[in-house]
Ligand SMILES: Cc1cc2nc3c(=O)[nH]c(=O)nc-3n(C[C@H](O)[C@H](O)[C@H](O)COP(=O)(O)OP(=O)(O)OC[C@H]3O[C@@H](n4cnc5c(N)ncnc54)[C@H](O)[C@@H]3O)c2cc1C
């Protein structure tokens, strides 16, 4: 009997665990270790942040579903990995610490044959002074943050109702933050709600971002066919902002936040500030800081993880100039480059480089988006890792039947621009591939026939439909495995 | 109420002129009334819903090797 441990029960880890158990059945053991007792459908946190969904609509308890699937669930966080065991334990193991219940605080070593590290990103608020929900800004990166954001938003709405002007600042809170798409949808939802309340004349909404141009979204922008032209997502994004009276500040690396004031450096090397009453700024992302030790308890963290804490996998990490980047740099099977029984799907793997062009200010500060890893690639990579591990266990052959490179797969992202079944809006964006392939598509970097950028009510319906579909799938309701990631 | 040419000029001069030109927000394309109408037109958007779902499915299927 083989034992597979999955660290993390987010989009990637939960997908991996569900397929591992489905394929491996009773003969093998699957253990999920995750500190949060809930699964959350993160993309819908945007709607929690404007009061359109409750926390309980975007999350559900994991223990019930894991019990049904006969997956052993430990509400704990991984602290370190011993991929070779140690002097007392011959097998590889993970050291975990329970975070809830009777065992809270207790440490345990859990042995494994295969390990899936799907711990996603650490929301690195500490990297920007004064940033975060405990300090001067709000966030929508988790359901509790989003609920807090809504409470703060309501306060601003109340002040506007009393005739007081309010400044809203939304965007990235670090010079190298990613996830612009989420911030973009939040800005549009805020604008939509304010418009519905007929308070737009009292709201000044500003977008602040580390992107070179709007619409970069950390994926180097994209080109879409619209109105008889092939146009850049820069035009698409600027148009949506202009229509919604959202101003913008681009090429900005936020480095400090004080109550009601954001400090940022521009690519031109200027140091500037912008005032706000309400600010939702996405933090930088890092790995979870899991350590690694060899058999003799020597620290081998840098062998398994990159400096930013993400796990090194089958990518080409050789430093290269932007012009020399290739889709072949991107991983295909997410196997650790150090140990062949460890995998890192979803956001947990270290990308070989960014997708956007690296740019530095005249003062030498790197100001550009880190590469995003959205829900679809996170789910797909979780699934193929599960399929490959199951195949290795069942066949005894160490081969990869399934691959999923971000340089070959496409992604769909539905950006909510207002929640209403009859007047709502959503921007449907698809790109293929996610990482531009300039060899295959020399003109636009991607397949323009597969790349879509459309705004309309249909986008809202799709986003809502996906919400229910993915929650259905994650809850393991009938035919869940037939639903795509 | 009909506003005479003279009173229009007086009102206009009293208003603070906002010069929108030369600002970033001035240049992007802005949707026309008809574009806004089609964006929320139920039948047209239902057709778009099917079409976009089809496009998304094509990408999803291609992404799963
Ligand atoms: C507000 C917002 C909106 C978004 N909207 C969209 C969208 O519309 N479309 C889209 O495609 N993508 C969207 N995304 C991106 C998408 O949510 C991510 O791609 C996805 O959540 C990544 O999945 P993951 O499993 O890698 O990480 P996560 O979902 O972050 O899961 C990580 C898991 O690891 C656990 N964990 C953390 N530390 C440890 C530890 N030490 N030990 C064990 N477990 C640990 C966590 O509790 C969690 O369960 C959005 C993101 C945000 C923040």
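I'd like the distance between the alpha-carbon centres of region A:402-436 and region A:75-113, rounded to an integer number of Å. Centre-to-centre (Cα) distance: 37 Å. Residue ranges A:23-34, B:39-50 sort as A:23-34, B:39-50 when ordered by packing (mean number of other C-beta atoms within 10 Å per residue, highest first).
Counting neighbouring beta carbons within 10 Å and listing from fewest to most, the residues A:213, A:102 come out as A:102, A:213. As a proxy for reagent exposure, ranking A:425, A:62 by other Cβ atoms within 10 Å from fewest up yields A:62, A:425.
Taking a ≥ b ≥ c as the square roots of the eigenvalues of the Cα gyration tensor, an a/c ratio of 1.5 or more together with a/b no larger than b/c marks region A:163-274 as oblate. Multiplying each eigenvalue of the alpha-carbon gyration tensor of chain A by 5 and taking the square root yields semi-axes of 36, 25, 23 Å, largest first, rounded to whole angstroms. Each part reduced to its alpha carbon centroid, region A:217-237 and region A:170-195 end up 18 Å apart.
Helical runs assigned H by DSSP (4 residues or longer) give the protein assembly as shown a calculated mean residue ellipticity at 222 nm of -9000 deg cm²/dmol, each run adding -39500 (n - 2.57) before division by the residue total.
Taking a ≥ b ≥ c as the square roots of the eigenvalues of the alpha-carbon gyration tensor, region A:324-445 is classed oblate because a/c is 1.5 or more while a/b is no larger than b/c.
Taking other C-beta atoms within 10 Å as the exposure proxy, A:472, A:398, A:460 rank A:398, A:472, A:460 from fewest upward. Beta bridges per DSSP, both residues in chain A: antiparallel share near 60 percent.
Based on C-alpha pairs under 8 angstrom that are at least 6 apart in sequence, chain A has a relative contact order of 17 percent. In terms of its alpha-carbon gyration tensor, region A:213-280 comes out prolate; a/c meets the 1.5 threshold, and the first ratio a/b outweighs b/c. Distance from the alpha carbon centroid of region A:325-389 to that of region A:41-59 works out to 27 angstrom.
We did not get these values from a lab; they are worked out from the coordinates using the rules stated. If you're wondering where the values come from, they're calculated on a predicted model, not measured in any experiment. With ideal geometry, Cβ positions are generated from the backbone for all residues, glycine too; neighbour counts draw on all protein chains shown.
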